Amino acid sequence: MILERINILNYRNIEECELTFSPKVNLFWGNNGMGKTNLLDAIYYLSFCKSHLNAKDSHLIRHGSDFFMVQGEYIDSGSVATVSCAVKNRRKKQFLYDKKEYERLSEHIGKIPLVLVSPADNSLIDEGSDERRRFMDIIISQYDREYLLHLMAYNAALRSRNAMLKHPDSIDGTLLEILDDKLCTEAEPIFARRTEFITDFIPVFRDFYGSISQRQEEVSLSYSSVLQQADLRQRLASSLERDKYLGYTSAGIHKDDLEMIFDGFPLKRNASQGQNKSYLVAMKLAQFIFLKKNSNKTPILLLDDIFDRLDSERLENIIRQISSDRFGQIFITDTNREHIDKIIANNNNDFRLFAIEDGRAVSTTQNSK
């Protein structure tokens with residue numbers, strides 16, 4: 001997939017913007033707070049129908065306006081597609097693909113595969129298992145629609161069960177049994193696909209980390225799920241009294257986790273900041289290759305201020321990786337002009353450089369090769 005052109009109105013601090021991009025490397029340079037991340041977020045929105053910053057749609061509208069609009073023109077195997085979204089205060093969001101509105105926004109997921117690497121990825125290390133499950137779900141959902149449907153159905157049943165558990169004195173036994181059946185039915189294919197995914201993902205991830213670190217450390221990932229140790233139906237039954245007390249469901253695939261391993265120990269307690277950053281970048285580059293293989297489309301790669309806390313050797317190794325023919329269209333932001341110049345020097349592809357200031361982007365340099 002190639003994003004050829006984007007039009008933005010009133011998105012965060014961007015009042016109005018129309019940009020034409022290189023099919024290979026697009027570089028955004030400027031100080032913090034100028035709008036570089038907001039530009040990438042608008043591109044992300046066109047793939048996932050939401051902001052990667054977890055902001056409500058209404059919070060994305062530029063201060064003083066009552067709507068925002070983002071429209072992108074994409075090229076996919078020679079054909080052109082237009083994706084547009086518009087959000088107005090107190091109105092239903094409009095999301096269109098070639099001027100046709102979706103019945104469900106979930107139908108759009110996977111049409112424009114995309115991988116984002118950003119400082120927010122630290123949450124994979126620092127936060128709870130929700131973030132690591134979300135990492136798996138975002139990848140698998142972009143190439144396996146059945147997985148997404150199972151996940152949505154599971155989460156709907158889980159919400160209903162949790163709502164019932166908040167009122168333990170009035171639980172409907174028949175409805176509880178129906179919800180437990182639904183959770184078990186949907187959990188099995190989710191568990192199977194996550195297991196298959198992580199088995200195939202680990203070698204790709206380890207290879208990228210080795211390239212970044214020059215094989216100085218050993219890394220891996222380990223998937224843990226209640227379904228590896230017990231039958232879910234039995235676990236739901238045995239934990240019912242506890243769930244009534246807690247007011248939520250304490251067992252299920254919504255508690256699955258990924259253990260991040262560094263030199264045989266948990267990453268969080270044993271790695272430096274630079275090693276953490278290398279680990280996360282390797283995960284995201286592996287995500288790109290995995291999506292490319294399984295979706296039969298080349299994803300768009302967004303790299304938001306990723307070079308901080310990396311030594312010069314690891315920085316050079318990452319630039320070498322992303323400059324290879326394995327990757328397609330790339331968008332990179334940075335506040336450090338030296339990093340931008342290194343990327344340009346190592347890049348043999350077509351590129352464009354944009355200067356970003358106060359929500360405005362100006363194309364300063366381009367090179368067609």
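Elements of the type helices (runs of 4 or more DSSP H) sitting completely within segment 117-195 and holding at least 3 residues that are surrounded by fewer than 19 Cβ atoms within 10 Å (Cβ to Cβ) and out of contact with any Asp or Glu (no Cβ under 7 Å at 6 or more places or on another chain): these cover 129-143, 145-165. Taking first residues from segment 176-199 that are under 13 Å from residue 254 (Cβ atoms) and of a type in the set (Phe, Trp, Tyr) and partners that are in a helix (DSSP H, G or I) and modelled with pLDDT of 95 or more, the Cβ contacts under 7 Å between residues at least 6 apart in sequence or on separate chains come to 191/227; 191/253.
Would you pick out the residues in segment 231-247 that are surrounded by 13 or more Cβ atoms within 10 Å (Cβ to Cβ) and part of a loop (DSSP other than H, G, I, E, B)? Scanning segment 231-247 gives 239, 247. Of the residues making up segment 18-43, those that are surrounded by 21 or more Cβ atoms within 10 Å (Cβ to Cβ), of a type outside the set (A, V, I, L, M) and assigned to a strand (DSSP E or B) are 26, 28, 29.
Pairing each residue of segment 110-130 that is under 17 Å from residue 222 (Cα atoms) with any residue that is assigned to a strand (DSSP E or B) and not basic (Lys, Arg), provided the two are 6+ apart or on different chains, yields C-beta distances under 7 Å for 125/260; 129/257. Can you tell me which condition residue 342 does not meet? The list is (1) in contact with an Asp or Glu (Cβ under 8 Å, 6 or more places away or on another chain); (2) among the charged types (D, E, K, R); (3) crowded, with 18+ Cβ neighbours inside 10 Å, and all the others hold. With respect to (1) in contact with an Asp or Glu (Cβ under 8 Å, 6 or more places away or on another chain); (2) among the charged types (D, E, K, R); (3) crowded, with 18+ Cβ neighbours inside 10 Å, residue 342 is out only on (3). Filtering segment 62-92 to residues that are surrounded by 13 or more Cβ atoms within 10 Å (Cβ to Cβ) and among the charged types (D, E, K, R) leaves 62, 66, 73, 76, 88. Residue 281 passes every criterion in (1) within 20 Å of the chain's Cα centre (by Cα); (2) among the β-branched types (Val, Ile, Thr); (3) part of a strand (DSSP E or B) apart from (3). Just so you know, in segment 322-363 the residues that are more than 30 Å from residue 63 (Cβ to Cβ), acidic (Asp, Glu) and outside any helix (DSSP H, G or I) include one that is modelled with the highest pLDDT, and it is 325. Cβ-Cβ contacts under 6 Å between residues 6 or more apart (or on different chains), taken from a first residue in segment 237-257 that is under 17 Å from residue 224 (Cβ atoms) and modelled with pLDDT of 95 or more to a second residue that is in a strand (DSSP E or B) and of a type outside the set (Phe, Trp, Tyr), are listed as 257/224. Out of all the residues in segment 48-83, which are among the charged types (D, E, K, R) and not in a loop (DSSP other than H, G, I, E, B)? Once the filter is applied, which keeps residues that are among the charged types (D, E, K, R) and not in a loop (DSSP other than H, G, I, E, B), segment 48-83 yields 57, 73, 76. Does at least one position in segment 93-112 carry a residue that is in contact with a helix residue (DSSP H, G or I) (Cβ under 8 Å, 6 or more places away or on another chain), of a type in the set (Ser, Thr, Tyr), over 25 Å from residue 256 (Cβ atoms) and surrounded by fewer than 20 Cβ atoms within 10 Å (Cβ to Cβ)? Looking for residues that are in contact with a helix residue (DSSP H, G or I) (Cβ under 8 Å, 6 or more places away or on another chain), of a type in the set (Ser, Thr, Tyr), over 25 Å from residue 256 (Cβ atoms) and surrounded by fewer than 20 Cβ atoms within 10 Å (Cβ to Cβ), one finds at least one in segment 93-112, hence yes.
Residue count for segment 301-319 under the criterion of being of a type in the set (Lys, Arg) and either touching a Pro at 6+ places or on another chain (Cβ under 9 Å) or in contact (Cβ under 8 Å) with a residue 60 or more places away in the chain (or both): the result is 1.
Determine which member of the set 208, 201 is in contact with a strand residue (DSSP E or B) (Cβ under 8 Å, 6 or more places away or on another chain) and either outside any strand (DSSP E or B) or surrounded by fewer than 16 Cβ atoms within 10 Å (Cβ to Cβ) (or both). Among 208, 201, only 201 is in contact with a strand residue (DSSP E or B) (Cβ under 8 Å, 6 or more places away or on another chain) and either outside any strand (DSSP E or B) or surrounded by fewer than 16 Cβ atoms within 10 Å (Cβ to Cβ) (or both).
Could you list, in sequence order, the residues of segment 285-299 that are out of contact with any helix residue (DSSP H, G or I) (no Cβ under 7 Å at 6 or more places or on another chain) and on the phi < 0 side of the Ramachandran plot? Write out each step before concluding.
Filtering segment 285-299 down to residues out of contact with any helix residue (DSSP H, G or I) (no Cβ under 7 Å at 6 or more places or on another chain) leaves 288, 292-293, 296-297.
Listed by number, the residues that qualify are 288, 292, 293, 297.
Restricting to segment 253-280, and then to whatever is out of contact with any Phe, Trp or Tyr (no Cβ under 8 Å at 6 or more places or on another chain) and buried (at least 20 other Cβ atoms within 10 Å of the Cβ), can you tell me which residue is farthest from residue 321 (Cα to Cα)? In this case the residue turns out to be 276.
The values are calculated or read from the model by the stated rules, or taken from the named source; none is laboratory data. All of these numbers come straight from a predicted model, not from anything done at the bench. In this analysis, Cβ positions are derived from the backbone assuming ideal geometry, glycine residues included, and neighbour counts consider all displayed protein chains.
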